[in-house]
Every structure is written in structure tokens, then in C-alpha cells.
């Protein structure tokens, strides 16, 4: 059990999910934390998890996923939910019974704060409702769309590094780091909320509407564009796209 399982289970409980949660003993320290603080039960082994559950969530690293499923006996009518990046349903099917229902999901760590936009494929009402406890589930009807969207689960983590750079760049003797952090992250949340509230405009169009001629906003944005500051972000996204394709 890794960080993904940890923050997802925290989010389920904090979001109001009251059903039983049976844990693999693989990471004893994390399992004990969830048992003690989030009303979970630790199973004897992975087979005991499968045997005692209506649905099973697999949350290993990609390299360990298929080996972990090998040899597990599933019950008739069970549902397997995979939150493993890059492992497609066709690959999962090679390790499980043909009649086992499989759904992929991709929560991010903001699930812990009930704020994860979680992609799921294929659409499944139960899985949608489950991940709504952690934020909002977004169902797609094409696995290629799911895979492409999964890149953003990695991009999400880069935002924190960007926030830290901005906190350090704007902080100083007149602006203590804790206040700079509050402003930076509040501005980030505000920008996201504004863009979500105005879907008829792209974020780029909103930026142009704010950073008009003669404003300090435009002065800084122009410099970022002149320095090609956004190009490495595109390159990093393309790198992840190639890596995900290589897993298939």
C-alpha cells in the first residue's frame, strides 16, 4: 500500500464514505495508521482482501501490478478498480477471470482534501459515486482519452513546485513566507475557480483579458513568453505521453 491508497482512503472517509474498508498488509505502517485513524481493517494477505470484498482496488506501482494480481482468486460478480497508471484493461484481463468487471480510475492526492477530479473509464455508477466522496468523478467513454488525461495526474504535482518558486520569488522582508504562501495558493485557487465558472472562455483568453496593454500583468506575461518559459512544460507533458505509451 502506497501514498495513493493512503490519500484516497483518507478522502473517502473524510468525504463521508461509511462502508467497511479491508486493507492489504503490504505496508504495515500505513495500514496501521488507516486502521487506527480511519476505521479500516487489515487483512491477512491480498487473497483475504479479495475474498472478503465486493469490490477490490489495486493501487500498486505499474511494474508490480500484474504480478500482484497473479494467483488471486476473485469472487463471481466482483468489481476490480485499478488506479495503476499506464496499465490498460486489456492487460489487466490477462490476469483475472474473463467475467470480472474492471474500471480504471485516476485520483490525485487532493482526494485527501475531497478535491480530486478523478477520471474513470469506463463509466460505472458505483465507481462514480465512490470517487465523488474524494472530489468529483469524471467518466470518459474511451480508454485513449483516459490515458491522455492521466498525464495531468502527474502535471498536478508540478503545481506545488511552481507554487514554491512563486512563494520564494514574491516573499521578502515586507512579505513573510507564510503570507506569501497564503496569497500564492489563494490566487491559484481563485484562477482555477474563475476558469471553471467561465467554460465559454479558454484560460488563455482569460489571461489575455486580464493582462491588457499597460498593465503589470502583461509586463510579466510578456517576459515569460519571450523567455519561452512555457515550452518546458509542454516538453515534460510530451515526455510523460511517450512513457505511458511505452508501458502498453
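Each reported figure results from applying straightforward, stated rules to the coordinates on display, with no laboratory input. No experiment lies behind these values; they were computed from the predicted model shown. For neighbour counting, all protein chains shown are included, and Cβ atoms are generated from backbone atoms with ideal geometry for every residue, glycine included.
Over the range 3-141, what is the relative contact order in whole percent, taking alpha-carbon pairs under 8 Å and six or more residues apart?
It comes to 24 percent, rounded to a whole number.
To make sure I understand, if each residue's beta carbon is the centre and we count other beta carbons within 10 Å, what order do 134, 40 fall in, fewest to most?
Starting with the residue having the fewest Cβ neighbours, the order is 40, 134.
When the Kirkwood hydrodynamic radius is evaluated over all pairs of different C-alpha atoms of the range 54-108, what value in angstrom, to one decimal, is obtained?
One over the average 1/r among Cα pairs gives 11.3 Å for the range 54-108.
Quantify how much of the Cα-Cα distance distribution of the range 28-90 extends past 14 Å, in percent.
63 percent
Using Cβ contacts closer than 10 Å as the measure, can you line up 185, 106 from fewest to most?
By the 10 Å Cβ count, ascending, the order reads 185, 106.
Could you tell me how many degrees, from 0 to 90 and to the nearest 10, lie between the Cα long axis of helix 143-170 and the main elongation axis, the longest principal axis, of the Cα atoms of the chain?
50 degrees
Pick from 54, 99, 231: which residue has the top mean-square fluctuation in a GNM of the chain where Cα pairs under 10 Å get a spring?
Taking springs between Cα atoms under 10 Å, the residue moving most is 231.
Starting from 0 in steps of 5 Å, tell me what percent of the Cα-Cα pairs of the range 134-193 lands in each bin.
Percent of Cα pairs in each bin: 4, 15, 18, 18, 14, 11, 9, 6, 3, 1, 0.
How far is helix 231-247 tilted off the main Cα axis of the chain, in degrees rounded to 10, range 0 to 90?
Its long axis makes an angle of about 10 degrees.
So what are the range 151-247's ellipsoid semi-axes, whole angstrom, largest first, if each one is the square root of 5 times an eigenvalue of the alpha-carbon gyration tensor?
Working from the Cα gyration tensor, I get semi-axes of 25, 19, 15 Å.
What's the exposure ranking of 104, 234, 26, going from fewest to most Cβ atoms within 10 Å?
234, 26, 104
For the range 113-161, report the translational diffusion coefficient in µm²/s to the nearest whole number, using Stokes-Einstein at 4 °C, 1.567 mPa s, and a Kirkwood Rh over Cα pairs.
115 µm²/s
Which whole-number percent of Cα pairs in the range 3-141 have a distance greater than 21 Å?
Cα-Cα pairs of the range 3-141 separated by over 21 Å account for 38 percent.
How big is the gap, in Å, between the Cα center of the range 175-233 and the Cα center of the range 58-80?
The range 175-233 and the range 58-80 have Cα centres separated by 42 Å.
Gaussian network model of the chain, Cα springs within a sub-10 Å range: biggest mean-square fluctuation belongs to which of 59, 111, 197?
Result: 197 has the largest fluctuation of those listed.
In angstroms, what radius of gyration and Dmax does the chain have, counting Cα atoms only?
21.0, 67
Between 0 and 90 degrees, rounded to the nearest ten: what's the tilt of helix 3-14 against the longest Cα principal axis of the chain?
Value to nearest ten degrees: 90.
Tell me what the chain gives for mean residue ellipticity at 222 nm when only DSSP H runs of n ≥ 4 count, each as -39,500 (n - 2.57), the sum divided by the residue total, rounded to 500 deg cm²/dmol.
Estimated from H runs of four or more residues: -17000 deg cm²/dmol.
Please compute the contact order of the chain in relative form: average sequence separation of alpha-carbon pairs under 8 Å and at least six residues apart, divided by the residue count, as a percent.
15 percent
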